[in-house]
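The structure under discussion appears below in the form of structure tokens.
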Amino acid sequence: MTFGATTVIDRLDFEVRPGETFGLLGSNGSGKTTTLRALLGLLPATAGSLTIKGEPYRPGRIRVGYLPEERGLYKRESVIDVMTYFGRLKGLAPQAAADWSRGWLEQMDLADKAKVALGKLSGGQQQKVQLGVTIMDAPELLILDEPTKGFDPVNQQLLMDIIAEQQSAGTTLILVSHDMDQVQRLADRALLLKDGARRAYGTIDEIRAEFGGASLHEVFLEVYTNASGEGSSR
């Protein structure tokens, strides 16, 4: 991916396996979100391709749920109307979308906010609504970009429980996070980006072994404090 003369993603190649939780890691500006948006067709890639089971990806081939880091829902509309609208866009019947949305709000302790304008909710409450919109059609591939942003510890645990439910259901997850401990706990494999290039890739144990048994947090620090971007223990 290039923007003018600037290369943002540099010949990046990786695989996400069915049913696994895959960590996509890197500092701000490393290319994580750009990579995802290019793969999903939200940005036109300069080169490269995305295949699923050997076939070129196209929208609608599988159900994809994407929770972006920034919130993008309609803040002047009521919570239930926004959720129902997105449910219909995802192919749910109007009543099914409304029923699912009310059940989700009940689960999130937001049932009393159903008729409230979305913009009047706190940041954490809005994130709960957006998460519900993301998973309401049972996506086969779920992409979570900094999902705990704006969450206090109690709600972070609630999100971890939801992720665990998705894992148990066999959903393939891509988790974009700055929380290395969280990724080390949840992910099967991971990719660490720096300057749009791959610096570490493999199972969590493989990555740690490559860096002398360091924790994922220590691996991150080594990659980003080493001028060459290469692990000195390799």
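Since every read-out is calculated from the coordinates, none of them should be taken as a lab result. On a predicted model such as this, the values are computed, not experimentally measured, just so you know. We place every Cβ from the backbone using ideal geometry, glycine too, and count neighbours over all the protein chains shown.
Look at the dipole of the chain built from charges on Cβ: of Ser49, Ala190, Leu25, the Cα furthest out on the positive end belongs to Ser49. Annotation: amide H of Tyr57 within the under-5 Å range of Leu50, Thr51, Ile52, sequence separation 5 or more or interchain, hydrogens built in the peptide plane. Comparing Met108, Met83, Met136 in a Gaussian network model of the chain where C-alpha atoms under 10 Å apart are linked, the largest mean-square fluctuation is found at Met108.
Only one of [x] 13.6; [y] 16.3; [z] 11.7 was calculated from the structure for mean projected area of the Cα convex hull in nm², and its label is [x].
Under the convention that each Lys and Arg Cβ holds +1 and each Asp and Glu Cβ holds -1, the size of the dipole of the chain around its Cα centre is about 780 debye. Projecting each Cα onto the charge dipole of the chain (Lys/Arg +1, Asp/Glu -1 at the beta carbon, about the Cα centre), which of Val116, Thr171, Phe14 comes out farthest on the positive side? The one lying farthest along the dipole's positive direction is Val116.
Among the listed pairs Lys90/Lys120; Lys75/Lys115; Lys53/Lys149, give every one whose C-alpha distance is greater than 22 Å. Among Lys90/Lys120; Lys75/Lys115; Lys53/Lys149, the Cα-Cα distance tops 22 Å for Lys90/Lys120; Lys53/Lys149.
With both residues required to sit in the chain, DSSP beta bridges show an antiparallel share near 40%. The distance from the alpha carbon centre of the range 99-172 to that of the range 1-41 is 24 Å, rounded to a whole number.
With the helix formula -39500 (n - 2.57) applied to DSSP H stretches of n ≥ 4, the chain reaches a computed 222 nm mean residue ellipticity of -11000 deg cm²/dmol.
Fully extending the segment from His217 to Gln156 would add 20.1 nm, taking 0.36 nm per residue of separation and subtracting the current Cα-Cα distance. From most to least packed by mean Cβ count within 10 Å, the peptides 93-99, 16-22, 41-47 give 16-22, 93-99, 41-47.
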